[in-house]
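Notes to accompany the following structure.
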Amino acid sequence: MSLTAPTPTGALTQRRRSFRQKVKLPAEMSFGDRTRRLRVRVVDMSATGARVTGWCEREMPRTAGVLASDRIALYLDSHGTHVECQIVWHTNEECGVRFCSPFRHAARA
């Protein structure tokens, strides 16, 4: 993603590789050995990635060493699927992930 020059109204516009659709999908992120999980919400999604809220740095499993560029699994409750992702950016409340695998049926216990 790159930012272009401000428009006449002063707002910045974004150029992305693929269109992002606004969604409100309950989800779960799992880290490390996949036993550590965090409830989140996917708020926008494209063919290549998603923005996730509910992420909170103080709740992150410090021992898993989850940082930008680390891989996680994202489980979409409403679709019964999961996808392997790479964290590409994060703030205290949300993060952006890039999809690293196709979506797969989530066979979880």
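The values are calculated or read from the model by the stated rules, or taken from the named source; none is laboratory data. Note that the structure is a prediction, hence the values are computed from the model and not measured. Every residue, glycine among them, receives a Cβ derived from its backbone with ideal geometry; neighbour counts consider all protein chains shown.
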**Number of positions in the range 92-109 that are more than 12 Å from the chain's Cα centre (by Cα) and either closer than 16 Å to LYS24 by Cα or at pLDDT below 85 (or both)** = 5
**Scan of the range 69-109 for residues that are out of contact with any Phe, Trp or Tyr (no Cβ under 7 Å at 6 or more places or on another chain) and in contact (Cβ under 8 Å) with a residue 40 or more places away in the chain, ordered by number** = ALA73, LEU74, TYR75, LEU76, ASP77, SER78, HIS79, VAL97, ARG98, PHE99
